[in-house]
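Peer 1: Structure provided below as structure tokens; questions to follow.
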Amino acid sequence: MDALIQSTTLLLGLNLSADQRRKVERYSEELVRWNRRANLTAITDPGEVATKHFLDSFSCWQALSAASPRRVIDIGTGAGFPGLALKILIPALEITLVEATGKKAEFCRHVVQTLDMRQVQVVHGRAEDVAHQPEHREQYDGSLARAVAELPTLAEYLLPFTRIGGLAVAQKGESGPSEAHAASEAMRLLGGTLRKMIPVELPGVAETRYLVVMEKVASTPERYPRRAGIPARRPLL
Ligand code: SAH
């Protein structure tokens, strides 16, 4: 926990309050407890949970803060990363979590309740379907995803949710720069453009991570995202 507090200050210049620390601890406990019966994460060592889940989730604020966001959506949130962790860091955010697996969505709801979080909506569904619902389409200042799909697919998941002028942020590993290059046509078709790539170094993590930051510059054509499964099977290239 001390390392997480220090690293958060170093990386983002933000100091975690006692309340935020308690929330991270409680969330971590619930994650490990639920993981015994539901397969939520491969990472359960406390130090690794702190760095690879919480700090890594917090790091997307480096990119997202530029949008001064109020409403943020996290696609394929799994056990709540990065979206629900970010809600602890920036409590004023209104967060929507989208997750296709029922058990994981249920865990997220459990954490929201346990930590008494307000203005968090958990949607059990697929991005391809949810993105066509008017209450979600182009309604978000920021959209996020970590470890969900390759960038051309992710662009099709994220950009339809993002309002014009908002940011879509994909958390990527070493492959970030090459994936961003491969996704430039997909971004264009979806109304996005590559704004920048922010390298992130996490303590104890050897590989450089990248925040691939796309800006929404034009409305996404109604035909995107395509039917569930198609963006992953036949990525726009
Ligand atoms: N973002 C989390 C989980 C990554 S695993 C983390 O970094 O820890 C990828 C998750 O995305 C899985 O839980 C899977 O169910 C979900 N997912 C994959 N495709 C999806 C889609 N099209 N719509 C919604 N969720 C999706």
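The values are calculated or read from the model by the stated rules, or taken from the named source; none is laboratory data. A quick note: this is a predicted structure, and the numbers were derived from the prediction, not measured. Every residue, glycine as well, gets a Cβ built from its backbone with ideal geometry; the counts of neighbours run over all protein chains shown. Please note that ligands, DNA and RNA were not included when accessible areas were found on the heavy atoms of the full protein model with its side chains. Shrake-Rupley method; radii C 1.70, N 1.55, O 1.52, S 1.80 Å.
Peer 1: Go through the stretch 45-60 residue by residue and tally those that are more than 19 Å from Leu154 (Cβ to Cβ) and either surrounded by 15 or more Cβ atoms within 10 Å (Cβ to Cβ) or of a type in the set (Phe, Trp, Tyr) (or both).
Peer 2: Looking only at the stretch 45-60, we keep the residues that are more than 19 Å from Leu154 (Cβ to Cβ), and these are 45-55, 58.
Pick out the ones that are also either surrounded by 15 or more Cβ atoms within 10 Å (Cβ to Cβ) or of a type in the set (Phe, Trp, Tyr) (or both) and you get 49-55, 58.
Here the count works out to 8.
For every residue, the table says whether it meets (1) polar (S, T, N, Q); (2) without any contact (Cβ under 8 Å) to a residue 60 or more places away in the chain.
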{"residue": "Thr9", "(1), (2)": "yes, yes"}
{"residue": "Gly13", "(1), (2)": "no, yes"}
{"residue": "Val32", "(1), (2)": "no, yes"}
{"residue": "Gln62", "(1), (2)": "yes, no"}
{"residue": "Pro69", "(1), (2)": "no, no"}
{"residue": "Thr77", "(1), (2)": "yes, yes"}
{"residue": "Ile90", "(1), (2)": "no, yes"}
{"residue": "Gly102", "(1), (2)": "no, yes"}
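Peer 1: Out of Ala3, Ala18, Ala50, Ala67, I need the residue that is out of contact with any helix residue (DSSP H, G or I) (no Cβ under 9 Å at 6 or more places or on another chain) and more than 27 Å from Glu138 (Cβ to Cβ). Which one? Don't jump to the end; show me each part of the working.
Peer 2: Values: Ala3 fails: out of contact with any helix residue (DSSP H, G or I) (no Cβ under 9 Å at 6 or more places or on another chain); Ala50 fails: out of contact with any helix residue (DSSP H, G or I) (no Cβ under 9 Å at 6 or more places or on another chain); Ala67 fails: more than 27 Å from Glu138 (Cβ to Cβ).
Going through Ala3, Ala18, Ala50, Ala67 in turn, the sole match is Ala18.
Peer 1: Further question: Can you tell me how many residues within the stretch 154-191 are surrounded by fewer than 23 Cβ atoms within 10 Å (Cβ to Cβ) and polar (S, T, N, Q)?
Peer 2: So the count comes out to 3.
Peer 1: Anything in the stretch 7-21 that is surrounded by 14 or more Cβ atoms within 10 Å (Cβ to Cβ) and either touching a His at 6+ places or on another chain (Cβ under 9 Å) or part of a helix (DSSP H, G or I) (or both)? List them, or say none.
Peer 2: If the condition is that a residue be surrounded by 14 or more Cβ atoms within 10 Å (Cβ to Cβ) and either touching a His at 6+ places or on another chain (Cβ under 9 Å) or part of a helix (DSSP H, G or I) (or both), then Ser7, Thr8, Leu11, Leu12, Gln20, Arg21 are the ones that fit.
Peer 1: Which count do you get for residues in the stretch 2-15 that are out of contact with any Phe, Trp or Tyr (no Cβ under 9 Å at 6 or more places or on another chain) and on the phi < 0 side of the Ramachandran plot?
Peer 2: As a first pass, look at the stretch 2-15 and keep what is out of contact with any Phe, Trp or Tyr (no Cβ under 9 Å at 6 or more places or on another chain): 2-3, 5-6, 9-10, 13, 15.
Applying the additional criterion that residues be on the phi < 0 side of the Ramachandran plot yields 2-3, 5-6, 9-10, 15.
Matching residues across the stretch 2-15 total 7.
Peer 1: Select from the stretch 76-129 the residues that are of a type in the set (Ser, Thr, Tyr) and more than 10 Å from the ligand (Cβ to nearest atom) and write down the one among them that is least open to solvent (accessible area, probe 1.4 Å). Talk me through it step by step, then tell me what you get.
Peer 2: Going through the stretch 76-129, the residues of a type in the set (Ser, Thr, Tyr) turn out to be 77, 96, 101, 114.
Those still in the list that are more than 10 Å from the ligand (Cβ to nearest atom) too: 96, 114.
On the way: Thr96: 6, Thr114: 47 Å².
So, considering only residues that are of a type in the set (Ser, Thr, Tyr) and more than 10 Å from the ligand (Cβ to nearest atom), the one least open to solvent (accessible area, probe 1.4 Å) is Thr96.
Peer 1: Inspect all residues belonging to the stretch 55-64 and state whether any of them is hydroxyl-bearing (Ser, Thr, Tyr), within 9 Å of the ligand (Cβ to nearest atom) and touching an Asp or Glu at 6+ places or on another chain (Cβ under 6 Å).
Peer 2: From the stretch 55-64, those hydroxyl-bearing (Ser, Thr, Tyr) are 57, 59; that's our starting set.
Next, from what is left, pick out any that are within 9 Å of the ligand (Cβ to nearest atom): 57.
Add one more test, that the residue is touching an Asp or Glu at 6+ places or on another chain (Cβ under 6 Å), and what stays is none.
Looking through the stretch 55-64, none of the residues is hydroxyl-bearing (Ser, Thr, Tyr), within 9 Å of the ligand (Cβ to nearest atom) and touching an Asp or Glu at 6+ places or on another chain (Cβ under 6 Å).
Peer 1: Given the criterion open to solvent by 10 Å² or more (accessible area, probe 1.4 Å) and either in a loop (DSSP other than H, G, I, E, B) or touching a helix residue (DSSP H, G or I) at 6+ places or on another chain (Cβ under 7 Å) (or both), identify the matching residue among Leu211, Leu194.
Peer 2: On the way: Leu211 fails: open to solvent by 10 Å² or more (accessible area, probe 1.4 Å).
After ruling out the rest, the residue left standing is Leu194.
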